[in-house]
1. Only one of these conditions is not met by residue A:52: (1) outside any strand (DSSP E or B); (2) at pLDDT 95 or above; (3) within 14 Å of another protein chain (Cβ to nearest Cβ). Which number is it?
2. I need the full set of residues from segment B:39-56 which are surrounded by fewer than 14 Cβ atoms within 10 Å (Cβ to Cβ) and assigned to a strand (DSSP E or B), in order please.
3. For the subset of segment A:24-49 comprising residues that are surrounded by 12 or more Cβ atoms within 10 Å (Cβ to Cβ), assigned to a loop (DSSP other than H, G, I, E, B) and without any contact (Cβ under 8 Å) to a residue 24 or more places away in the chain, which member is nearest to the chain's Cα centre (by Cα)?
4. Tell me yes or no: at least one residue of segment B:9-18 is under 12 Å from the mean Cα position of the chain (by Cα) and in a strand (DSSP E or B).
5. Looking only at segment B:73-86, which residues are under 13 Å from the mean Cα position of the chain (by Cα) and either part of a loop (DSSP other than H, G, I, E, B) or within 14 Å of another protein chain (Cβ to nearest Cβ) (or both)?
6. Take the conditions surrounded by 17 or more Cβ atoms within 10 Å (Cβ to Cβ) and either free of Cβ contacts under 8 Å to residues at least 12 places away in the same chain or not in a strand (DSSP E or B) (or both) and apply them to residue A:80. Does it pass?
7. Answer with yes or no whether residue B:102 is touching a helix residue (DSSP H, G or I) at 6+ places or on another chain (Cβ under 9 Å), closer than 24 Å to residue A:88 by Cα and within 14 Å of chain A (Cβ to nearest Cβ).
8. Scan segment A:6-23 and tell me whether some residue there is in contact with a helix residue (DSSP H, G or I) (Cβ under 7 Å, 6 or more places away or on another chain), in a loop (DSSP other than H, G, I, E, B) and surrounded by fewer than 16 Cβ atoms within 10 Å (Cβ to Cβ).
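The values are calculated or read from the model by the stated rules, or taken from the named source; none is laboratory data. Here the structure is a predicted model, which is why all the values come from computation and not from measurement. Positions of Cβ are generated from backbone atoms using ideal geometry, with glycine treated the same way; all protein chains shown enter the neighbour counts.
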């Protein structure tokens, strides 16, 4: 059974704080690692798709790094804002399964 | 707006019944995916169709089936419904076979009473 784990499960920060979360995934048969942002009462929205070891992607105040050899990815949010409050999901796409396996997410709450 | 549409938005039905959920992918996308999200679980992959053919299967129950039509829209059929089937069902689409970004629809919330 392939496991995609995210930590922490939830995070409460103050507006302006920078924060980061971790996604751990199998390091074999790696094809891609996805990050999605999921606001309450909406549907998941794609942030990044990362495929190469050492990849770094950035979108505004959000950035992500990838280490496929050790099987982890970090998502960073610089200067968190209340509108960043959401669940952040990572998902592993492996060649052995041909499907996206989602972690259970990190719930971020940013207090004004 | 992702460009993926799902109908209906909400569905309330009784145990033992059968329902059909419908999904239209983004224009140009060939793959359609179905996911289930229950209260105590994350997004669970059910099944993927690519250009009309089944491509990957996840934890889909035998009571559930899906298909993708020539116009690329997809339907998920859920039969002999049980209380535990109550969940949010998402459809997603992508351009090709699955490595790339998936675009999620707004979901169908199913309540089985």
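1. (2)
2. B:53, B:54
3. Quick first cut of segment A:24-49, residues surrounded by 12 or more Cβ atoms within 10 Å (Cβ to Cβ) only: A:24-27, A:29-39, A:42-49.
If we keep only those that are assigned to a loop (DSSP other than H, G, I, E, B) too, we end up with A:25-27, A:29, A:39, A:42-44.
Checking which are without any contact (Cβ under 8 Å) to a residue 24 or more places away in the chain leaves us with A:42-43.
Working: A:42: 17, A:43: 15 Å.
My answer is A:43.
4. No, segment B:9-18 contains no residue that is under 12 Å from the mean Cα position of the chain (by Cα) and in a strand (DSSP E or B).
5. Result: B:73, single match.
6. yes
7. Considered against the rule, which asks whether it is touching a helix residue (DSSP H, G or I) at 6+ places or on another chain (Cβ under 9 Å), closer than 24 Å to residue A:88 by Cα and within 14 Å of chain A (Cβ to nearest Cβ), residue B:102 comes out as no.
8. Yes, segment A:6-23 contains a residue that is in contact with a helix residue (DSSP H, G or I) (Cβ under 7 Å, 6 or more places away or on another chain), in a loop (DSSP other than H, G, I, E, B) and surrounded by fewer than 16 Cβ atoms within 10 Å (Cβ to Cβ).
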